Amino acid sequence: MAVAALPPKRVPQKQTAWKSYSDWANEHRKWLFAAPAMIFVAVLIAFPLGWTLYLSLTDASGSVRAKSEFIGLENYADVLTDTERFWPAVLRTFVFTAVALTVQLVLGMAIALLLWRPFKGEKWVRVAILLPLVATPVAVGMMWRLIFDPNIGFANQLLGFVGIGPQPWLSGQYSALPTVIFIDIWQWTPMVVIILLAGLTSLSDEPDEAARIDGASAWQRFRFVTVPLLMPTIIVAILLRSIDALKTFDLLYATKGRGGGSFHEVETLNVYAYGLSFDYNDYGVSSTVLIIFFLIIVAVMFLLTRRRKDVQK
Amino acid sequence: MSLAEPRLIRAGSDSAALSGATTRRRKPFRTRAYKVFRAVALIVVVAAFIAPLVWMFLASLKTNVDIYDASKTLVFTPTTANYETVLGRNNYLSFVFNSFWVAFASTVLSLIIGIPAAYSMSRFAMRRSALVVLMARIIPGVSLLVPWYYVFSNLSMVGGYSVLILSHMFVALPLIVYILMSYYDSMPLELEEAARVDGLTHIGAFLKVTLPLSVGGIATASILAFIFSWNNFMFALVLSGADTKTLPVAIFNFVAYASIDWGGLMAASVVVTIPIMVIALFTQKYIVSGLTAGATKG
């Protein structure tokens with residue numbers, strides 16, 4: 001490279017400048033290419049995260065510009081002992097994620113197995129399954145609000161046909177959370193199906209065939225051959241879905257509005273933190289909740305990626 | 001000859017054993033029963049995923065009186081009145097434009113910084129740097145919104161397009177980098193090396209050889225980035241102004257008042273989902289390959 005820095009005399013000045021610039025660019029292309037995207041994300045994350053951390057140690061509220069006092073870990077003590085809003089929100093976040101994810105995995109696996117081997121009209125079935133997944137979550141929320149409306153909704157009409165009385169669905173204090181979980185399952189099971197189907201298609205037929213010759217039943221082959229081979233893909237599906245499920249906001253806010261309904265029946269950590277920030281302008285407390293929420297998500301991701309590495313070994 | 005022969009025999013007996021086993025186990029009755037079961041199950045699955053969307057569409061063609069009437073669930077006189085009111089008032093068409101413009105601009109800008117980043121991160125195995133970009137996908141958006149709101153309102157950018165585009169790039173960029181990284185991971189190096197031998201610089205080889213070859217991956221990434229930006233609700237809920245509202249926010253504002261105009265609401269919901277569904281119909285393969293990028297390799 002030192003040779004390139006000493007150009008032959010006959011080359012005009014302009015060209016050497018371009019050449020040395022291009023040499024420099026080629027030599028540093030690794031960071032030249034990666035830096036813009038990394039800087040963009042780092043600036044938009046690092047600074048806000050730092051500020052959120054700072055706000056969580058103050059009593060900032062009302063307006064961000066208003067004077068605030070540094071109060072140390074007081075917010076954390078308050079939030080972690082708050083059994084009225086915070087801990088129920090933590091519980092709901094985990095119930096929502098765990099139940100939705102479990103059902104999505106079981107249903108998703110069943111549907112993926114159903115679609116696995118080729119059949120007539122395969123293409124149309126796959127498009128149909130894709131539609132809930134790409135639909136705008138807010139619109140999906142509104143759609144289900146009408147279907148689950150206690151007075152005019154189709155869900156209660158359907159129950160009426162089979163002789164069951166009307167249910168409150170989204171408007172019930174105890175039925176709202178199961179109902180939004182149901183909607184999440186409707187919208188995101190296709191995601192699990194698509195990922196698992198891609199995994200199934202990439203599997204080789206031989207282990208399954210060998211087990212068949214050895215006399216293994218269909219269930220045994222599924223349980224002891226297909227599932228272990230599919231494990232890395234299953235974990236990717238869990239990883240991707242749990243990130244989104246923990247952070248679910250659109251659906252909850254669109255169906256129940258502020259504070260997750262009048263009894264906070266679907267208030268998860270994300271909805272709670274949003275409400276504290278933008279409905280009550282209680283920035284200090286909201287930042288504390290967000291920092292804790294962020295730590296929870298990072299912990300879950302860490303555990304899952306570790307599990308993924310174990311499986312891959 | 002003598003070497004090939006034993007192999008031939010082994011291969012022959014293997015396949016004989018295989019076909020014997022399959023014919024023995026798959027009795028014709030079971031196969032037919034399974035076929036029927038599978039067809040029924042498939043119909044149930046498709047119906048479960050499609051019926052609610054059909055319901056939304058039907059309701060958008062009903063008057064509010066018909067929506068309230070259980071006897072007119074399926075049989076009714078369709079009307080386009082809901083669409084006329086929705087599109088006619090509230091500058092709804094300008095919200096369509098906002099959504100489109102924000103999704104389009106944020107996708108293009110994310111591609112410009114995302115493609116080289118994905119390429120470099122794949123070729124130089126920069127897994128930790130990639131994690132920085134993927135953080136954007138993991139972090140809860142609310143924790144960024146308060147500081148963003150403060151800074152951008154001081155720069156008097158809140159309510160403008162630029163801040164919406166920036167925030168939606170935050171959605172689009174990690175998707176693009178993630179999808180294209182796995183695309184470049186599986187792209188062979190040989191062609192680039194050939195281009196290098198032909199005298200192109202590294203960057204030249206990237207621009208003239210790799211980039212044209214990755215059109216498929218870029219299309220996949222763009223389609224998904226566009227869809228996710230189009231569907232995004234939270235950032236626009238806080239950062240958009242009265243004139244720059246995107247469709248999800250506009251729909252949400254529909255129900256802010258006491259009584260819900262169900263027909264109008266459903267028409268508005270159809271208007272926001274139809275473009276995405278049409279895209280999905282025509283680009284199904286790309287969407288699937290984007291959603292499963294990196295999911296199946298070991």
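So which residues in the stretch A:120-134 are more than 7 Å from chain B (Cβ to nearest Cβ) and either surrounded by 19 or more Cβ atoms within 10 Å (Cβ to Cβ) or not basic (Lys, Arg) (or both), if there are any at all? Walk me through it before giving the result.
Of the residues in the stretch A:120-134, the ones more than 7 Å from chain B (Cβ to nearest Cβ) are A:120-124, A:133.
A:Gly121, A:Glu122, A:Trp124, A:Leu133, listed by residue number.
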Quick one: B:Ala295 ticks every box in (1) outside any loop (DSSP other than H, G, I, E, B); (2) facing chain A (nearest Cβ under 9 Å); (3) modelled with pLDDT under 90 bar one, so which box is it? (1)
Condition broken by A:Asp149, with the remaining ones in (1) without any contact (Cβ under 8 Å) to a residue 40 or more places away in the chain; (2) in a helix (DSSP H, G or I); (3) not hydroxyl-bearing (Ser, Thr, Tyr) satisfied: (2)
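Is it true that B:Thr244 is β-branched (Val, Ile, Thr) and touching a residue at least 24 places away in the same chain (Cβ under 8 Å)?
Values: β-branched (Val, Ile, Thr): yes; touching a residue at least 24 places away in the same chain (Cβ under 8 Å): yes.
For B:Thr244, the condition - β-branched (Val, Ile, Thr) and touching a residue at least 24 places away in the same chain (Cβ under 8 Å) - is met.
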For the stretch B:160-176, state whether one or more residues are more than 30 Å from B:Gly290 (Cα to Cα), assigned to a helix (DSSP H, G or I), more than 7 Å from chain A (Cβ to nearest Cβ) and among the small types (Gly, Ala, Ser). no
Selection from the stretch B:57-77 of residues modelled with pLDDT under 85 and among the basic types (Lys, Arg) yields B:Lys72
When the stretch A:287-307 is examined, which residues are found to be among the small types (Gly, Ala, Ser) and either in contact (Cβ under 8 Å) with a residue 40 or more places away in the chain or in contact with a Phe, Trp or Tyr (Cβ under 8 Å, 6 or more places away or on another chain) (or both)? A:Ser287
How about the stretch A:222-242: which of its residues are within 11 Å of another protein chain (Cβ to nearest Cβ) and either hydroxyl-bearing (Ser, Thr, Tyr) or farther than 15 Å from A:Ile195 by Cα (or both)? A:Thr233, A:Ser242
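Quickly run through the stretch B:201-244 and pick out the residues that are of a type in the set (Val, Ile, Thr) and assigned to a helix (DSSP H, G or I). Write out each step before concluding.
Kept after step one, since they are of a type in the set (Val, Ile, Thr), are these residues of the stretch B:201-244: B:201, B:203, B:209-210, B:215, B:218, B:220, B:223, B:227, B:238, B:244.
B:Ile203, B:Val209, B:Thr210, B:Val215, B:Ile218, B:Thr220, B:Ile223, B:Ile227, B:Val238 - these are the residues of the stretch B:201-244 that are of a type in the set (Val, Ile, Thr) and assigned to a helix (DSSP H, G or I).
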Which ones in the stretch B:91-121 are under 21 Å from B:Phe206 (Cβ atoms), more than 7 Å from every other protein chain (Cβ to nearest Cβ) and either surrounded by fewer than 20 Cβ atoms within 10 Å (Cβ to Cβ) or aliphatic (A, V, I, L, M) (or both)? B:Val108, B:Leu109, B:Leu111, B:Ile112, B:Ile115, B:Ala118
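In the stretch B:68-113, which residues are polar (S, T, N, Q) and assigned to a helix (DSSP H, G or I)?
Going through the stretch B:68-113, the residues polar (S, T, N, Q) turn out to be B:71, B:73, B:77, B:79-80, B:82, B:85, B:90-91, B:94, B:98-99, B:106-107, B:110.
Passing the criteria: B:Ser71, B:Asn82, B:Thr85, B:Ser94, B:Asn98, B:Ser99, B:Ser106, B:Thr107, B:Ser110.
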Per the list (1) under 25 Å from A:Thr97 (Cβ atoms); (2) facing another protein chain (nearest Cβ under 10 Å); (3) polar (S, T, N, Q), residue check on A:Ser202 breaks on (1)
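Identify, please: which residue in the stretch B:201-234 is within 12 Å of B:Ser99 (Cα to Cα) and aromatic (Phe, Trp, Tyr) and is, among those, farthest from the chain's Cα centre (by Cα)?
Looking only at the stretch B:201-234, we keep the residues that are within 12 Å of B:Ser99 (Cα to Cα), and these are B:226-233.
Checking which are aromatic (Phe, Trp, Tyr) leaves us with B:226, B:228, B:230, B:233.
Numbers: B:Phe226: 7, B:Phe228: 6, B:Trp230: 10, B:Phe233: 15 Å.
Among them, the one singled out is B:Phe233.
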So how many residues does the stretch A:152-175 have that are away from chain B (no Cβ under 14 Å), free of Cβ contacts under 8 Å to residues at least 12 places away in the same chain and surrounded by fewer than 13 Cβ atoms within 10 Å (Cβ to Cβ)? 4
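Of all the residues that make up the stretch A:58-79, how many are in contact (Cβ under 8 Å) with a residue 60 or more places away in the chain and either charged (D, E, K, R) or surrounded by 14 or more Cβ atoms within 10 Å (Cβ to Cβ) (or both)?
Start the filter on the stretch A:58-79 by keeping residues that are in contact (Cβ under 8 Å) with a residue 60 or more places away in the chain, which leaves A:58-64, A:68, A:71, A:75-76, A:78-79.
Filter once more, so that each one left must be either charged (D, E, K, R) or surrounded by 14 or more Cβ atoms within 10 Å (Cβ to Cβ) (or both): A:58-61, A:64, A:68, A:71, A:75-76, A:78-79.
Total satisfying the criteria: 11.
Would you point out which residue out of B:Ala51, B:Ala59 is surrounded by 15 or more Cβ atoms within 10 Å (Cβ to Cβ) and either within 10 Å of chain A (Cβ to nearest Cβ) or among the charged types (D, E, K, R) (or both)?
Numbers: B:Ala51 fails: surrounded by 15 or more Cβ atoms within 10 Å (Cβ to Cβ).
Within the list B:Ala51, B:Ala59, the selection yields B:Ala59.
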Take the conditions more than 17 Å from the chain's Cα centre (by Cα), surrounded by fewer than 17 Cβ atoms within 10 Å (Cβ to Cβ) and aromatic (Phe, Trp, Tyr) and apply them to A:Phe263. Does it pass? yes
Unmet requirement for A:Val289, which otherwise passes all of (1) surrounded by fewer than 22 Cβ atoms within 10 Å (Cβ to Cβ); (2) β-branched (Val, Ile, Thr); (3) more than 26 Å from B:Thr246 (Cβ to Cβ); (4) out of contact with any Asp or Glu (no Cβ under 9 Å at 6 or more places or on another chain): (1)
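Got at least one residue in the stretch B:195-204 being among the β-branched types (Val, Ile, Thr) and touching a residue at least 60 places away in the same chain (Cβ under 8 Å)? Let's see the steps before the verdict.
Of the stretch B:195-204, the ones among the β-branched types (Val, Ile, Thr) are B:197, B:201, B:203.
Retained after the next criterion (residues that are touching a residue at least 60 places away in the same chain (Cβ under 8 Å)): none.
Scanning the stretch B:195-204, I find no residue that is among the β-branched types (Val, Ile, Thr) and touching a residue at least 60 places away in the same chain (Cβ under 8 Å), so the answer is no.
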From the list A:Trp144, A:Trp188, which one is surrounded by 23 or more Cβ atoms within 10 Å (Cβ to Cβ), facing chain B (nearest Cβ under 8 Å) and touching a residue at least 60 places away in the same chain (Cβ under 8 Å)? A:Trp144
Got at least one residue in the stretch A:298-313 being outside any helix (DSSP H, G or I) and exposed (fewer than 14 other Cβ atoms within 10 Å of the Cβ)? yes
Exactly one of A:Arg212, A:Arg223 is buried (at least 16 other Cβ atoms within 10 Å of the Cβ), more than 23 Å from the chain's Cα centre (by Cα) and of a type outside the set (Val, Ile, Thr), and that one is A:Arg212
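The values are calculated or read from the model by the stated rules, or taken from the named source; none is laboratory data. On a predicted model such as this, the values are computed, not experimentally measured, just so you know. Neighbour counts run over all protein chains shown; Cβ positions are idealised from the backbone, glycine included.
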